[in-house]
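First up is the structure itself, then whatever we jot down about it.
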Amino acid sequence: MADSPDLLLLSRWLTPVPGFLVPLVGAGARIGYVPTASSIYPDQTWLDLDRATLEAQGFEVVDVDPELVSTATFTRALGEIDAIFVAGGNVFHLLGALRQTGADRPLVHAVRHGLPYIGASAGAAVTGPDIAPLHLLDDPSEAAPLESTAGLGLIDVTIIPHAEGTVGGRERIDRTLEQYPDHPLQLLRDDEALVFSGGRRRIIPG
């Protein structure tokens, strides 16, 4: 088992991915791309941009969508990739879909046992202890049924992406801070990234 999970959590831009991933798994790594958070939206152009960016960085990108395959197939796919990338969208739908399909357990197990995890926006926010504070940024009513807002628990803070207000305005960020003063929140701007590795965490340019 890995001493601690390796995670790169992004608000928007994928610039830090090579610097994070290449030292861990080498150049040309095979990345499993999870588009699930955006499956409820007709416009998914940012997913195409993500894939194109990762390919331009020299990685092989293959879709790994737990909504479209069985839990056994998803679990097997986790063993055939070098890293997992969980894309943005609605974090409540993402968590609900992972719970409903049973993909949450093998995903967490794989990451805790050494599979590098890259999450953007919703993909970053779902890794924390609780996604409830995200309800001002994402609409829970759009999501797959969700019995609990408890996140994947890979990290000990709840990521609040787009902290400069690029999604919905700065007022929503301020209201989130006011409504959840006792939650361990980590604001993350679009030009920042958060790295968890070796039991340590640090903010780097995004």
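The values are calculated or read from the model by the stated rules, or taken from the named source; none is laboratory data. As the structure is a prediction and not an experimental result, all values here were calculated from the model. With ideal geometry, Cβ positions are generated from the backbone for all residues, glycine too; neighbour counts draw on all protein chains shown. Accessible surface is based on the protein model in full, side chains and every heavy atom, while ligands, DNA and RNA are left aside. Shrake-Rupley method; radii C 1.70, N 1.55, O 1.52, S 1.80 Å.
Can you give the local net charge around L134? Use residues other than it whose beta-carbon is closer than 13 angstrom to its beta-carbon, Lys and Arg +1, Asp and Glu -1.
Values: positive: R172, R175; negative: D130, D138, D139, E142.
Neighbour charge sum, excluding L134 itself: -2.
Based on the alpha carbons, how large is the Rg to Rh ratio for the chain when Rh follows Kirkwood?
My calculation puts Rg/Rh at 0.93.
Rounding to the nearest 20 debye, state how big the charge dipole of the chain is about its Cα centre with +1 on each Lys and Arg Cβ and -1 on each Asp and Glu Cβ.
That gives the chain a dipole magnitude of about 480 debye.
Determine, for each peptide in 107-119, 164-176, 20-32, the mean count of other beta carbons within 10 angstrom over its residues, then list the peptides with the highest first.
107-119, 20-32, 164-176
How large, in percent, is the carbon and sulfur part of the accessible surface of the chain at a probe radius of 1.4 Å?
Exposed carbon and sulfur together represent 50 percent of the surface.
Tell me, what is the FRET efficiency for T15 and Y41 to the nearest 0.05, using R0 = 22 angstrom and their Cβ-Cβ distance as r?
That pair, T15 with Y41, gives E of 0.35.
Using Cα pairs under 8 angstrom and six or more residues apart, how large is the relative contact order of the chain, in percent?
Relative contact order comes out at 29 percent.
Taking only C-alpha pairs under 8 Å that are 6+ residues apart, what is the relative contact order of the stretch 1-114 in percent? Before the final figure, lay out each step's value.
Working: 135 pairs, mean separation 44.4, N = 114.
Averaging sequence separation for qualifying contacts and normalising by length gives 39 percent for the stretch 1-114.
Using amide H atoms built in the peptide plane, which far-off residues or other-chain residues are under 5 Å from F85 H to H?
Amide H neighbours of F85, under 5 Å, 5+ apart: G32, Y33, V34, I118.
From the helices alone, meaning DSSP H stretches of at least four residues, give me the mean residue ellipticity at 222 nm for the chain, per-run term -39500 (n - 2.57), in deg cm²/dmol to the nearest 500.
My calculation for the chain gives -8500 deg cm²/dmol from helical runs alone.
Expected output is a single nm value to one decimal: the length gained when fully extending between R112 and A56, i.e. 0.36 nm times separation in residues minus the C-alpha distance. What is it? Could you put the intermediate results ahead of the total?
Details: separation 56, 0.36 × 56 = 20.16 nm, distance 2.81 nm.
Gain in length upon complete extension: 17.4 nm.
Rounded, prolate or oblate: which fits the stretch 122-206, taking a ≥ b ≥ c as square roots of the Cα gyration tensor eigenvalues, rounded meaning a/c under 1.5, else prolate when a/b beats b/c?
oblate
Using a 1.4 angstrom probe, figure out how much accessible area the chain has per residue, in square angstrom, rounded to the nearest whole. All intermediate terms of the calculation are to be shown ahead of the outcome.
Numbers: 8980 Å² over 206 residues.
I get 44 Å² per residue for the chain.
Is the stretch 35-101 rounded, prolate or oblate when judged by the Cα gyration tensor, a ≥ b ≥ c being the square roots of its eigenvalues, rounded requiring a/c under 1.5 and prolate requiring a/b larger than b/c?
The shape class here is oblate.
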